[in-house]
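Engineer: Please find one structure pasted underneath; my questions will follow.
The values are calculated or read from the model by the stated rules, or taken from the named source; none is laboratory data. Keep in mind that this is a model prediction, so the values were computed, not measured. With ideal geometry, Cβ positions are generated from the backbone for all residues, glycine too; neighbour counts draw on all protein chains shown.
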Amino acid sequence: MSLVTPLTEPLLRAMALPEPEGDSKDGRGRVLVVAGCTALPGAVLLAAHAAMRAGAGKLQLAVCADLAIPIGIAVPEALVMGLPQTEAGGIGRGSAERLAERARAVDAALLGPGTAEDADGAALVAAMVRGARETAFVLDAGALAALPDEPALTRALSKPAVITPHAGEMAKLLGAERAEIEADPLAAARTATERFGTVTVMKGGRTHVTAPDGRAWCYEVGHVGLATSGSGDTLAGLVAGLLARGAEPAAAALWSVYVHGEAGRRLARRYGGIGFLAREIPDEIPGLLAEVMT
């Protein structure tokens, strides 16, 4: 088993992000975000803004019907699909075929921010992953509920999906106690990667990233201010945006973890510690990406 590599700027420069192809929006990649519910509409905005700040060229948002118009006004850059919703305010599983078709036509798809861990959501995620095997997927939050009962789901993809659990979500993924995950997050990340065939981002005070080929990395200098509502949604959107641009899954995860962490450190300096908001993270992304790349 490989050693754990510190996640640093020199390491990222050795895995440079792809340059846009040509000068069109399509050359910067298309991203689909399937997210939110009536109780958590802001997750859509946070993930969407992060994906665009990461440099994706085209953005599509799939949300439950009640959110479509307000989300469309809040994110005028996006094509917004309002879909039939469940009584609980999420997207119903009846939209699976339509969304799988959409997923086949984009470069990256982010599923799950702000969604519930319920049967409808799990069925929707499973159908999309089965129906768009050439697409680069990010599974976050509620979308992770599709994996425990079907661990082979993500193994059939042409490239590894990226999953982004925190300790509580990882405990559910692995059928373990949260305390066990927190005691050895690297081991948990490795187990998840082995079980699901994914690039696993094990979020926490020290964020671990593991890949199916056995490589592992750790970002050790994140800021406690990032432990705030919506922060994970911005990280997931950032990963999706970089995947849409053509980054390989492990590279997209590593760049995202580093830039997300450094954005937190920068905002902490500006605001004097904790108290900055997740909505402020995306605006830091373009500058940080440029700084690391130069």
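Engineer: Exactly one of these conditions fails for ALA39: (1) surrounded by fewer than 21 Cβ atoms within 10 Å (Cβ to Cβ); (2) at pLDDT 95 or above; (3) outside any loop (DSSP other than H, G, I, E, B). Give me its number.
Structural biologist: Condition not satisfied by ALA39: (3).
Engineer: How many residues, within segment 206-218, are crowded, with 21+ Cβ neighbours inside 10 Å and either modelled with pLDDT under 95 or in contact with a Gly (Cβ under 7 Å, 6 or more places away or on another chain) (or both)?
Structural biologist: 1
Engineer: So which pairs qualify, if the first residue must be in segment 271-293 and free of Cβ contacts under 8 Å to residues at least 40 places away in the same chain, the second must be charged (D, E, K, R) and exposed (fewer than 14 other Cβ atoms within 10 Å of the Cβ), the Cβ gap must be under 9 Å, and the two must be at least 6 apart or on different chains?
Structural biologist: So the pair list comes out as GLU280/ARG270; GLU291/GLU9.
Engineer: Going residue by residue through segment 107-126, is there one that turns out to be over 16 Å from the mean Cα position of the chain (by Cα) and assigned to a strand (DSSP E or B)?
Structural biologist: no
Engineer: Next up: Of all the helices (runs of 4 or more DSSP H) wholly in segment 188-294, which have at least 3 residues that are of a type in the set (Ser, Thr, Tyr)? Write out each step before concluding.
Structural biologist: Details: elements: 231-244, 249-271, 285-293.
Counting at least 3 such residues, we get 249-271.
Engineer: When ALA123 is evaluated against the numbered criteria (1) surrounded by fewer than 18 Cβ atoms within 10 Å (Cβ to Cβ); (2) among the hydrophobic types (A, V, I, L, M, F, W, C); (3) over 22 Å from LEU83 (Cβ atoms), which criterion, by number, is the only one it fails?
Structural biologist: ALA123 satisfies all of (1) surrounded by fewer than 18 Cβ atoms within 10 Å (Cβ to Cβ); (2) among the hydrophobic types (A, V, I, L, M, F, W, C); (3) over 22 Å from LEU83 (Cβ atoms) except (3).
Engineer: Still on this structure, please answer the following. Take the residues in segment 175-205 that are more than 25 Å from ARG265 (Cα to Cα) and touching a residue at least 24 places away in the same chain (Cβ under 8 Å); name whichever of them is surrounded by the fewest Cβ atoms within 10 Å (Cβ to Cβ).
Structural biologist: Among those residues, the one meeting the criterion is GLY175.
Engineer: State yes or no: is ALA16 closer than 26 Å to PRO212 by Cα, hydrophobic (A, V, I, L, M, F, W, C), in contact (Cβ under 8 Å) with a residue 40 or more places away in the chain and surrounded by fewer than 15 Cβ atoms within 10 Å (Cβ to Cβ)?
Structural biologist: Details: closer than 26 Å to PRO212 by Cα: yes; hydrophobic (A, V, I, L, M, F, W, C): yes; in contact (Cβ under 8 Å) with a residue 40 or more places away in the chain: yes; surrounded by fewer than 15 Cβ atoms within 10 Å (Cβ to Cβ): yes.
Criteria met by ALA16.
Engineer: Take the conditions touching a residue at least 60 places away in the same chain (Cβ under 8 Å) and acidic (Asp, Glu) and apply them to ASP120. Does it pass?
Structural biologist: Numbers: touching a residue at least 60 places away in the same chain (Cβ under 8 Å): no; acidic (Asp, Glu): yes.
Judged against the criteria, ASP120 is not a match.
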